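Here the structure is laid out as structure tokens; the discussion comes afterwards.
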Amino acid sequence: MKAAVIVFPGSNCDTDCFHALRDTVKVAVEYVWHKERNLPKVDLVVIPGGFSYGDYLRTGAIARFSPVMESVTKHAGEGRAVIGICNGFQILLEAGLLPGAMLRNKTLEFICRHTWIRTEENLTIFTGKIEVGETLCIPIAHGEGNYYCDEETLKALHDNSQVVFRYASREGKLGDRFNPNGSLDHIAGIVNKKKNVLGMMPHPERASEELLGSSDGSKIWNSILSALG
Amino acid sequence: MRFKAVIHTSLKKSVLDPQGQTTLHALGSMGFKEAKSLRIGKAFELALEAEDREKAESCIHAMCDKLLHNPVIEEYTFELQPLA
């Protein structure tokens with residue numbers, strides 16, 4: 001498997017994603033500057049977290065028009081894997097590669113802490129090595145992670161098994177007190193209809209080795225590695 | 001012709017506005033009992049050059065649809081004035 005990490009002005013998790021992929025997952029990975037029109041030949045595109053374009057206008061709203069995004073859209077359209085983490089998720093929403101939008105956290109606070117998320121689907125390339133119902137300890141760090149979509153979209157997300165991760169207790173119980181940001185239906189991560197594009201607010205790259213306090217994020221990387229070879 | 005447009009974007013009525021609610025609550029706790037509802041949005045002041053009003057309007061709609069507002073959560077209105 002080969003991966004590319006896209007770098008926008010204001011990305012700040014690009015190095016963490018690169019490190020997780022190269023040093024823990026041990027796959028070939030390269031950075032791609034957002035001005036590049038073409039992607040190298042890769043199996044996985046990672047859109048990392050950060051504050052692309054200073055979060056001006058709306059989170060991800062300007063980054064989605066970066067030259068590289070046309071190639072990312074094409075890559076996704078061909079059914080190849082894309083993972084957007086945090087600001088990467090916000091960019092995928094603005095680009096229309098995933099449905100819905102992000103609102104300010106219900107508490108209006110920027111929240112940076114470990115959360116538990118429950119795995120809802122494992123028939124995806126991102127979660128194939130995780131049990132349905134299994135909870136993962138993965139940190140979040142965002143001010144706008146309050147996922148929103150209209151009722152019709154939410155129904156379609158559930159009908160098509162597109163809700164992949166939901167905020168929950170360590171034991172996998174759902175409830176408002178386990179939902180850090182007010183996200184609709186406790187949604188922490190979704191895939192597109194074809195299930196080759198994942199957007200998630202928690203940062204698996206920050207939980208990819210025990211030294212960081214949790215290695216649960218590596219279950220996602222290992223699922224991808226096992227699916228893409 | 002040169003125009004000045006003021007474009008307002010705000011969250012749709014169906015979308016919860018936590019910023020607006022918190023600010024409304026703060027006004028209430030300061031004793032402003034008059035405040036009954038509050039929504040926070042953004043305003044854009046844009047100067048633009050277009051042949052006529054109609055072209056200016058269609059240009060602003062295009063800008064709003066492509067970039068300035070997110071139709072999933074926001075709606076927009078604008079006022080347009082010719083600049084002398």
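Read-outs throughout are calculated quantities, based only on the coordinates presented, and are distinct from any laboratory measurement. What you see is a predicted model, and the numbers here were worked out from it, not measured in a lab. Please note: Cβ atoms are built from the backbone with ideal geometry, for glycine as well, and neighbour counts cover all protein chains shown.
Dividing the summed helix terms, -39500 (n - 2.57) for each DSSP H run of n ≥ 4, by the number of residues in chain A produces a 222 nm estimate of -5500 deg cm²/dmol to the nearest 500. Taking a ≥ b ≥ c as the square roots of the Cα gyration tensor eigenvalues, with a/c under 1.5 meaning rounded and otherwise prolate when a/b beats b/c, else oblate, which class fits region A:40-130? The shape class here is oblate. Taking a ≥ b ≥ c as the square roots of the eigenvalues of the alpha carbon gyration tensor, region B:2-82 is prolate, as a/c is not under 1.5 and a/b beats b/c. Taking the C-alpha atoms only, the angle from helix B:18-29 to the longest principal axis of chain B is near 50 degrees.
Sparse packing (at most 13 other Cβ atoms within 10 Å of the Cβ) combined with a DSSP loop state is found for the following GluC sites (Glu not before Pro) in region A:20-100: A:E78. Under the combined filter of DSSP loop state and at most 14 neighbouring Cβ atoms within 10 Å, region A:1-97 retains these chymotrypsin sites (Phe, Trp or Tyr not before Pro): A:Y56.
Below 8 Å, C-alpha to C-alpha, sequence gap of six or more: please give me the relative contact order for region A:124-205 in percent. Kindly include the intermediate steps, with their values, before the conclusion.
On the way: 101 pairs, mean separation 30.5, N = 82.
Relative CO of region A:124-205 lands at 37 percent.
When the GluC sites (Glu not before Pro) in region A:136-229 are filtered for DSSP coil states and for at most 15 other beta-carbon atoms within 10 Å of their beta-carbon, the remaining sites are A:E171. For the residues A:I140, A:I62, A:I91, a GNM of chain A with alpha-carbon springs under 10 Å puts the largest fluctuation on A:I62. Taking trypsin sites (Lys or Arg not before Pro) in DSSP loop conformation with at most 13 other Cβ atoms inside 10 Å as exposed sites, chain A has its longest uninterrupted site-free stretch at A:42-169.
Relative to the longest principal axis of the Cα atoms of chain B, the long axis of helix B:53-63 lies at roughly 60 degrees.
Please give the direction-averaged projected area of the C-alpha convex hull for chain A, in square nanometres with one decimal. Walk me through the numbers on the way to the answer.
Numbers: hull surface 43.2 nm².
Its Cα hull, projected and averaged over all orientations, spans 10.8 nm².
A straight line joining the Cα centroids of region A:164-229 and region A:1-53 runs 18 Å.
Once you average over the residues of B:58-70, how many Cβ atoms of partner chains fall within 10 Å of each Cβ?
Numbers: counts 0, 0, 0, 0, 0, 0, 0, 0, 1, 7, 3, 3, 8.
Partner-chain Cβ atoms within 10 Å, mean over residues of B:58-70: 2.
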